[in-house]
Amino acid sequence: MYLIRGEEHESYFSFFNRIHMQAMTLLMDRTLFAVSYMVTEEAPPKFSVIPFKKNKLACITIKKQGGAPVEALLELNGFDGAYAVTEALPVAYKKTWPDGERTSGTCLLTLFKKKKGIDRQKFLDRWHNSHTPLSLKIHPLWQYNRNVVQHKLTDNSFGWDGIVGENFRLQSELLNPFKFFGNPLVIVPRMLQVYTDTKSFLDYKTIQPYLVGEYHLKS
């Protein structure tokens, strides 16, 4: 997974085009089994229960044999990190649309580090065995793409421990708190439950959530 940040002068449209064109060039590499990306396409809402980051970010995901990074991605303006990850899909949509077409709905891309003072095993146990089932129970998730960072591919990559993509069939299911957490009778206790659970294994101050669109170019 490769993280690319937008430059200050770039519009969301220009940033999307730059990422799309770069991702398309990867299709010429026959050694890649799959190519997809998530990218900020618009500014997040000013008011939201999710503290969306306002800067532009893309995450390009490839699947290939061997651990050597793709040099062309390391040279991109705004390159911010490359990671070897282990992917899991606790819940997955059935892809019925053609490659190149935008995934319907919307996606929440989140980067995070483990909580200080706990070891990696406890971090993974809390994330996989507590937080994942809680998220699936509370949120109307269409797909939950869970990526455990195994190691950085470059020395200058930031030390993220997890990268998660959460897909929703409708944008309102993510942005409307009464759809994201539930009806007025349960929303407050559910919000507190998610907050408490999240703080038990994540460094809360470093969490970076982004509102993104998703594209599969080769699946």
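Couple of notes before you dig in:
- R0 of 30 Å, Cβ-Cβ distance N129-R169: FRET efficiency to nearest 0.05: 0.70
- In the chain, excluding the sites themselves, the longest stretch lacking any of the trypsin sites (Lys or Arg not before Pro) that are in a DSSP loop with at most 13 other Cβ atoms within 10 Å is 117-219.
- Taking the Cα centre of the chain as origin and assigning +1 to Lys and Arg Cβ atoms and -1 to Asp and Glu Cβ atoms, the resulting dipole is close to 720 debye.
- Loop-resident sites, the stretch 35-133, for GluC sites (Glu not before Pro), counting at most 14 other Cβ within 10 Å (DSSP): E42, E75, E101
- Full-stretch length increase - N77, S104 - with 0.36 nm per residue and alpha-carbon distance subtracted: 6.9 nm
- Contour excess over end-to-end distance, with Cα ends at L32 and Q193 and 0.36 nm allotted per residue: 53.9 nm
- Charge-dipole axis of the chain as Lys and Arg at +1 and Asp and Glu at -1 on Cβ define it, positive-most pick from W97, N77, P177: P177
- Shown here are the Rg and Dmax of the Cα trace of the stretch 2-218, at 17.1, 53 Å.
Every number here is computed from the coordinates shown, using simple stated rules; none is lab data. Please read all numbers here as calculations on a predicted model, not as lab measurements. Ideal geometry is used to build each Cβ from the backbone, glycine not excepted, and the neighbour counts take in all protein chains shown.
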